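Read through the structure below, which is laid out as structure tokens, and then see the notes.
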Amino acid sequence: MNDLTELPNIGKTLAEKLVQAGITTPDDLKSAGSENTFIKLKTIDSNACLNMLYALEGAIQGIRWHSLDKNTMSELKEFYDHLNKL
């Protein structure tokens, strides 16, 4: 879990949820991608929100989620909205 918390945007609570979802290392997160990881998190945490999805993508890119480019944020929001309609 310590490796996960070294990534930007990943605090203790999110790292614990990632481990519960089977994501135990930064490489696991990068391999799964933000969208697939978010789906896994959503199955164990029904309160998983858009900011969590942004946080995952930022962690993968190695940046704070606030610094994600607008196009990426727009695509992630579209994905999130689509999931919530299912």
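Coordinate-derived values only; no laboratory data. Nothing here was measured: the structure is a model prediction, and the numbers come from that model. A quick note on method: Cβ atoms are made from the backbone with ideal geometry, for glycine too, and the neighbour counts reach across all protein chains shown.
Worth a mention:
- Candidate set from the stretch 22-48 (those that are buried (at least 19 other Cβ atoms within 10 Å of the Cβ) and small (Gly, Ala, Ser)); member that is nearest to Gln61 (Cα to Cα): Ser34
- Sole exception among (1) among the aliphatic types (A, V, I, L, M); (2) outside any helix (DSSP H, G or I); (3) farther than 20 Å from Met73 by Cβ for Leu7, by number: (3)
- Test: residue in the stretch 25-41 that is closer than 18 Å to His82 by Cβ and among the acidic types (Asp, Glu): yes
- Residue match in the stretch 53-70 (condition: surrounded by 12 or more Cβ atoms within 10 Å (Cβ to Cβ), out of contact with any Phe, Trp or Tyr (no Cβ under 9 Å at 6 or more places or on another chain) and of a type in the set (Asp, Glu)): no
- Whenever a residue of the stretch 1-30 is more than 16 Å from Met52 (Cα to Cα) and free of Cβ contacts under 8 Å to residues at least 60 places away in the same chain, its partners that are surrounded by 14 or more Cβ atoms within 10 Å (Cβ to Cβ) and basic (Lys, Arg), lying with C-beta atoms within less than 7 angstrom and at least six residues away or across chains, give the pairs Gly22/Lys40.
- All conditions in (1) more than 12 Å from the chain's Cα centre (by Cα); (2) in a helix (DSSP H, G or I) hold for Asn47, with the sole exception of (2).
- Criterion applied to Ile23, Ile39 was being at negative phi and outside any helix (DSSP H, G or I), and the one residue passing it is Ile23.
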